[in-house]
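Read-outs: derived from the displayed coordinates by stated rules, not from any lab. If you're wondering where the values come from, they're calculated on a predicted model, not measured in any experiment.
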Amino acid sequence: MRRSRSQVSCTNVEQTLTIRELQDNPHVWWDSVLIGKIVEEYVKNWNIDAIVTFDDHGVTGHINHRATAAGVRYTFAVEDR
């Protein structure tokens, strides 16, 4: 990982969002379309060309992490149409 960091330049954009439908809950699958729309807005507004997110299993299988990955995939699947 250290080698990758030294070869990749990035700007860290961190913002906390408070969205009622996306509150931390290990028993609720977040809406992938809603996540996708939020991601798409940030990609366009910040001119983002790369996103690092969770894989299909999230951290320890956390359902919100898995939903986040699905939402990001949804964003780019729709763009590719």
_Quick one: 3J(HN,Hα) in Hz for region 57-72, Karplus 6.51/-1.76/1.60 with θ = phi - 60°, rounded, Gly and Pro as x._
9, x, 8, 6, x, 4, 4, 5, 5, 4, 5, 4, 4, 5, x, 5
_Can you list residues from other chains, or at least 5 along the same chain, whose modelled amide H is less than 5 Å from the amide H of Phe54?_
Ala69
*Work out, in µm²/s and without decimals, the Stokes-Einstein translational diffusion coefficient of region 28-81 at 20 °C, 1.002 mPa s, Rh from Kirkwood over C-alpha pairs.*
191
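Report the full-extension gain for the segment Val28 to Ala50: residue separation times 0.36 nm, less the Cα-Cα distance, to one decimal in nm. Before the final figure, lay out the partial values.
Numbers: separation 22, 0.36 × 22 = 7.92 nm, distance 2.71 nm.
Taking Val28 through Ala50 to full extension adds about 5.2 nm, to one decimal.
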